[in-house]
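Student: Encoded as structure tokens, here's the structure I'll be asking about.
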């Protein structure tokens, strides 16, 4: 193991692929005749298969949540600081699974993969999916792995929505839902940001109605803008002020449209990095999964009624400066859970880092997760 | 006067043009050999020329602040509800002037006008200007109108920054500064939003490095995105929730990228309306005026030291849900004014409508302005 790797890394990991040849009926009414789910596992499943955790990824994440694919990788998986021997999601105690969601672009069936019916890429013909569709596909993966019930389903942001939906769609197959920096549905403002991001992609001349693969181009300009805009909503006003302030890149203003302020450099860098690693059709699709998520609206009943089907225990975590999914949004979830007499632990973490906090090793946050996971480990 | 026109309208108005043949030295170091300023006036200048108000416009505003150019106009000027006989800026008592700022696109010299040196449109060669440059050009207009000192310089948002800058650049020519929904400088988050808007325009394939006029196209896609994004920051999360919520345009989700939510319709409409009425080079330039505004940074001293040159009285107004320029930002201004022993009135208006509140006739807001203006009228 090279020196740069921390001692508690899961080390080298290899993604696996689950091919499901059973058709899946989607919320939109369409049916996928078969599909692939790419996933990674860390740790060891115990003999009675009671120590399995499912980690759900958010908008731009994937199945590669911890460790390295090669020792040359610049970065480990996206939640590496949380997963490994001795870490909060302790691979010495838990068997941890994370999959790339249906419609994603990291190997699971989605816009970039081949439609078995006609041999062409799905592209824009890939149907729009919902959080419930993801839960169903993840349940198929659980079947494949022989996991009857997850000890916990865990996720931040859109991942938290999946954890919530597991509790109501598959109440017998989840013991705990760990819902971090999430909301029971998007606000109009949340949808508005997604809409501007989508319009940036949809109006990019290289989008070609989603058939850009056939033109050997990508709507890079649009995807880059979408990502830049996303990053504004991931940080808090405070954290941006602390990180960048009004610092000038060259110590002075130049009276032109090059990079002048540090925040401009940061956003352009984030946008540039994203292009090339993510597919625009997948990005569009996943913003729609977010917008559509609204169990109350879907079921035409109150959130408390939605959760009347849930049986598991809950840990809900929010962050003080998260203006994308504020603590007030988490409290709506908690209220609905309490109305059903469910066991709920709640932690509101004081953090200056906005929505992105859920990816950070903030001591108070780590402590909340760790003590919850210790309790779960003790119950095994 | 047609029936649709309110009784307190200033009625039909005609813009005028002031040609300044004296060169103006800009903050960036460049010199404009001559320039035009388009402006409108309402009311009557009294004999001792002591009743003149200068209204300063914000990002997308112009000189047409009240009344109609023709009776067929769909809408009156952008602050018509505030300006007219008996209104808060009472044309029976005050002589009111508003000009299109240098670099704008409504007739004043800017990217869309002709460079007298080479006979071509300025386009991207028009120099980037600052709030101080605007103050200087407005002072030239005051000279032209024979106004030695404004009774008040008034503005919301970027307009408020002009009012502030008047107080320090021209302390002997301003009696009152009315600074509404403004800030002493942009935060990193404010700059970030401007940067995404700019990148949308700059990366539009129809931008042609600002020389799109020569190609008979406009970077409409980029300008539309910039405007959509702007509108998110003008409204509060609350006002969006109240106005649009998660209302579906057709009562159901369609699993496609057409308009599904009302907020999407609103943003697309706002974007579409803006394209065609505004110039992309001017938009870029004015976002830079905003980003650059930072008297502390420019003068390398504290805000209190900046305001040590000010002599006028101040009315500062902020709005409770304005997250673009929050009340906390106004209080920074007030602190610096108080440190100099200046007379400051402050009103924090309870409003759900975010930054856009400054354009609305909110009773508490109207009352604050009216009582201040009554005091000024009494002093005449």
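The values are calculated or read from the model by the stated rules, or taken from the named source; none is laboratory data. Model, not experiment: these values are computed from the prediction. Positions of Cβ are generated from backbone atoms using ideal geometry, with glycine treated the same way; all protein chains shown enter the neighbour counts.
Student: Do the conditions hold for residue B:285, that is, is it within 11 Å of another protein chain (Cβ to nearest Cβ) and surrounded by 23 or more Cβ atoms within 10 Å (Cβ to Cβ)?
Tutor: When the stated conditions are applied, residue B:285 passes them.
Student: Within region B:242-253, identify whether any single residue is crowded, with 19+ Cβ neighbours inside 10 Å and more than 8 Å from chain A (Cβ to nearest Cβ), and answer yes or no.
Tutor: no
Student: Whether any residue in region A:198-217 is modelled with pLDDT of 95 or more, in contact with a strand residue (DSSP E or B) (Cβ under 6 Å, 6 or more places away or on another chain) and at the interface with chain B (Cβ under 7 Å from one of its Cβ atoms) is what I want to check.
Tutor: no
Student: Identify all residues within region A:264-282 that are touching a residue at least 60 places away in the same chain (Cβ under 8 Å) and more than 12 Å from chain B (Cβ to nearest Cβ); write none if there are none.
Tutor: The answer is A:274, A:278, A:279, A:282.
Student: Moving on. Of all residues in region B:183-197, which are at the interface with chain A (Cβ under 7 Å from one of its Cβ atoms) and more than 16 Å from residue A:227 (Cβ to Cβ)?
Tutor: Correct list: B:185, B:187, B:188, B:189, B:191.
Student: Now for a separate question. Can you confirm whether region A:236-253 contains a residue that is touching a strand residue (DSSP E or B) at 6+ places or on another chain (Cβ under 7 Å), farther than 30 Å from residue A:112 by Cα and assigned to a strand (DSSP E or B)?
Tutor: yes
Student: Look through A:118, A:176 and report the one residue that is without any contact (Cβ under 8 Å) to a residue 24 or more places away in the chain and more than 14 Å from every other protein chain (Cβ to nearest Cβ).
Tutor: Exactly one of A:118, A:176 is without any contact (Cβ under 8 Å) to a residue 24 or more places away in the chain and more than 14 Å from every other protein chain (Cβ to nearest Cβ), namely A:118.
Student: Look at region B:101-135 and say how many of its residues are in contact with a helix residue (DSSP H, G or I) (Cβ under 7 Å, 6 or more places away or on another chain) and part of a helix (DSSP H, G or I).
Tutor: The number of residues fulfilling the criteria is 6.
Student: Name every residue in region A:9-27 that is buried (at least 17 other Cβ atoms within 10 Å of the Cβ) and in a loop (DSSP other than H, G, I, E, B), in order of residue number.
Tutor: A:9, A:10, A:13, A:15, A:26, A:27
Student: Return the residues of region B:42-58 that are in a loop (DSSP other than H, G, I, E, B), crowded, with 20+ Cβ neighbours inside 10 Å and in contact (Cβ under 8 Å) with a residue 60 or more places away in the chain; say none if nothing qualifies.
Tutor: Result: B:51, B:57, B:58.
Student: Regarding residue A:290, is this residue at pLDDT 95 or above, closer than 26 Å to residue A:192 by Cβ, crowded, with 19+ Cβ neighbours inside 10 Å and more than 9 Å from chain B (Cβ to nearest Cβ)?
Tutor: yes
Student: Can you find a residue that is out of contact with any helix residue (DSSP H, G or I) (no Cβ under 7 Å at 6 or more places or on another chain), in a helix (DSSP H, G or I) and crowded, with 24+ Cβ neighbours inside 10 Å anywhere in region A:221-232?
Tutor: Checked against the condition, which is being out of contact with any helix residue (DSSP H, G or I) (no Cβ under 7 Å at 6 or more places or on another chain), in a helix (DSSP H, G or I) and crowded, with 24+ Cβ neighbours inside 10 Å, region A:221-232 yields at least one hit.
Student: When only residues in region A:293-317 that are in contact with a helix residue (DSSP H, G or I) (Cβ under 7 Å, 6 or more places away or on another chain) and within 11 Å of chain B (Cβ to nearest Cβ) count, which is nearest to residue B:254 (Cα to Cα)?
Tutor: By that ranking, first place goes to A:293.
Student: Report, by residue number, each residue of region A:1-31 that is within 14 Å of chain B (Cβ to nearest Cβ) and either out of contact with any strand residue (DSSP E or B) (no Cβ under 7 Å at 6 or more places or on another chain) or in contact (Cβ under 8 Å) with a residue 40 or more places away in the chain (or both).
Tutor: Passing the criteria: A:26, A:27, A:28, A:29, A:30.
Student: Tell me, please, whether a residue that is over 21 Å from residue B:171 (Cα atoms) and either assigned by TED's automatic domain parsing to the domain that holds residue B:125 or touching a strand residue (DSSP E or B) at 6+ places or on another chain (Cβ under 9 Å) (or both) can be found in region B:291-311.
Tutor: Looking for residues that are over 21 Å from residue B:171 (Cα atoms) and either assigned by TED's automatic domain parsing to the domain that holds residue B:125 or touching a strand residue (DSSP E or B) at 6+ places or on another chain (Cβ under 9 Å) (or both), one finds at least one in region B:291-311, hence yes.
Student: Can you tell me which residues in region B:311-358 are closer than 19 Å to residue B:237 by Cβ and not in a loop (DSSP other than H, G, I, E, B)?
Tutor: Those that are closer than 19 Å to residue B:237 by Cβ and not in a loop (DSSP other than H, G, I, E, B): B:318, B:319, B:327, B:328, B:329, B:348, B:349, B:354, B:355, B:356, B:357, B:358.
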